[in-house]
Structure formats: structure tokens, C-alpha cells
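Heads up, the thing below is written out as C-alpha cells.
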Amino acid sequence: MSPEAYLEMAATEEQHWWFAARRTILSSLLEQLRLSARPAILELGCGTGGNLDMLSRFGTVSAMEMDDVARGIAQSRNGSRADIRAGSCPADIPFSGQQFDLVCLFDVLEHIDQDRQTLAAIRSLLAPGGHAVVTVPAYQWLWSRHDEVLHHKRRYTASELKAKALEAGFRIERISYFNTLLFPLAAALRLKERLLGGSPGGTAVPPAPVNKVFRLVFGSERHLLRSINLPFGVSLVAILSPA
């Protein structure tokens, strides 16, 4: 991502419906994991640090971010609550010799050319009984100019993500689509862009009533995900453990 994109993200991710609802969903999923009393948690590709406060409620947090601008923002926002270091996946992860009970990769894998190798690197960081939680955008046919602006390499299906995780030495605890309730709207907007053109959009917060409704609708999926996997959606979440 460009420095400009990171600056926009930092300015909006506390309130924007997508970021806020995703944190709600991820927090709900993490509550279901059998984590130790004070687990060691690592977020790879933490961006501007918008997830670190949420993660710190579950354990002791470390993080890695390759972009200097984003990392500086994350450090200023989180202070001493998280150990944030420079690095990149898969070959320059700055926690050699350490093991973590939970490793998180939230909408990062799609930015990396070597996604299989990155998953293998994550596997090597996990302590016995640990978990990895990975989210990615779904369906290559949903590719849009927004993906290009964000420097995505690809989007995934559940079967593609599962195959790469298995090759990396993981056991699949679950894989589910999410952002399902708003999927028809997202698909319609992608189709409109292809037929009529238009801007790639950004992360600006929409008008308050729209932002509130979208946040409530998207965030409500946490109740569904507590008991079922969703069959389609704009995004995917995988919960993995060492095989």
C-alpha cells in the first residue's frame, strides 16, 4: 500500500464500518479459541495498528510492519502496549527463535507474492497448541480497481486458501466466508464499475447513518459465525493450527 493509503487508513479505521465491524467479528472468533491465560500474540502486517488494542485484550502483543509510515503511526498510537518491529514476510520476520500462541494476518496475505512461503513461516512461529487466524479478500471475479489501488496480488476462494494452508503444514480448524449479508451490494458495485467505470473508492467514512447501518449489518455476522461457516462472502477467515 502507498503511504497515502496508510494515512487515510489511520484517519478512518476507528470509525469506518468495515474496520470496526471486522474487529467485532474477529474479537468474537478469538473468544472461541482455547487460548492460555496470557497468550503471546503476534500480528504480522499490523498497518497503522488499528487491531492492536483489540488483540491486547487477549494477551501480550507483538507486531511487525514493513512500511515505515504505517509502523510509525502504529507505534505512536499504541506506545508500550505492543512490541512493534520492522520486517516483511516471508523471509524477514524479526522474531527469530520466538514462538507465539496466536499469530494473526488480517488482510495481508493478498499483498505478498510468496503466500505459500508466508504461511509456512507463520507455521514455524507457532507454539504447540497455537493458532493462526488469517483473513483475505474472496473471489478473483470480484477483482476491482480498489484491489489495484491497495496493491493486492490476488483474491482467494476457500478451496485455494485451504490448499495453501495444508501445503504449509497446517490443520484446518475452520474456513468461512464472511461479509456475506452485504455481498449482493458489493457484487453489484463491482459489476457497475466494470460496465460503467468509476472511481476505485477509498476508506473515507460514509455519512453517519449509512456508516451505522453497514456497521450493524456486517458486525451482526459474529452471531452466525459462532455456530456456522458462511457459504459465500466478500472476505474469508481461516483458523489454523499446526498439523
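The values are calculated or read from the model by the stated rules, or taken from the named source; none is laboratory data. Values in this document were obtained by computation on a predicted structure and should not be read as measured data. Here Cβ is always computed from backbone atoms with ideal geometry, including for glycine, and neighbour counts include all displayed protein chains. Side chains are part of the model used for accessible areas, which takes the heavy atoms of the whole protein and leaves out ligands, DNA and RNA. Shrake-Rupley method; radii C 1.70, N 1.55, O 1.52, S 1.80 Å.
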What do you reckon, is His131 within 24 Å of Thr203 (Cβ to Cβ), open to solvent by 10 Å² or more (accessible area, probe 1.4 Å) and at pLDDT 95 or above? no
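A quick yes/no check of all residues on (1) loosely packed, with under 15 Cβ neighbours inside 10 Å; (2) of a type outside the set (Lys, Arg); (3) farther than 17 Å from Trp17 by Cα:
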| site | (1), (2), (3) |
| --- | --- |
| Tyr156 | no, yes, yes |
| Phe183 | no, yes, no |
| Ala186 | no, yes, no |
| Arg215 | no, no, no |
| Gly233 | no, yes, no |
| Ser241 | no, yes, yes |
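For the stretch 46-57, how many residues are surrounded by fewer than 18 Cβ atoms within 10 Å (Cβ to Cβ) and either hydroxyl-bearing (Ser, Thr, Tyr) or in contact with a strand residue (DSSP E or B) (Cβ under 7 Å, 6 or more places away or on another chain) (or both)? First the steps, then the outcome.
At the first step, the residues of the stretch 46-57 found to be surrounded by fewer than 18 Cβ atoms within 10 Å (Cβ to Cβ) are 53-54, 56-57.
Narrowing the set further to residues that are either hydroxyl-bearing (Ser, Thr, Tyr) or in contact with a strand residue (DSSP E or B) (Cβ under 7 Å, 6 or more places away or on another chain) (or both) leaves 56.
Going through the stretch 46-57 one residue at a time, the tally reaches 1.
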Working only within the stretch 30-45, note down all residues that are open to solvent by 10 Å² or more (accessible area, probe 1.4 Å) and not hydroxyl-bearing (Ser, Thr, Tyr). Glu31, Gln32, Leu33, Arg34, Leu35, Ala37, Arg38, Ala40, Gly45
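Residues that are over 18 Å from the mean Cα position of the chain (by Cα), at least 2 per element: which helices (runs of 4 or more DSSP H) completely within the stretch 1-103 meet that?
Working: elements: 3-12, 17-31, 52-56, 68-78.
The qualifying helices (runs of 4 or more DSSP H) are 3-12, 68-78.
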Matching residues, the stretch 213-243, being basic (Lys, Arg) and in a loop (DSSP other than H, G, I, E, B): Arg226
Taking the stretch 17-27 and keeping only residues that are under 12 Å from Val133 (Cβ atoms) and either surrounded by fewer than 16 Cβ atoms within 10 Å (Cβ to Cβ) or hydroxyl-bearing (Ser, Thr, Tyr) (or both), one is left with Ser27
Could you list, in sequence order, the residues of the stretch 188-212 that are in a helix (DSSP H, G or I) and open to solvent by 80 Å² or more (accessible area, probe 1.4 Å)? Leu189, Leu191, Lys192, Arg194, Leu195, Leu196, Pro209, Lys212
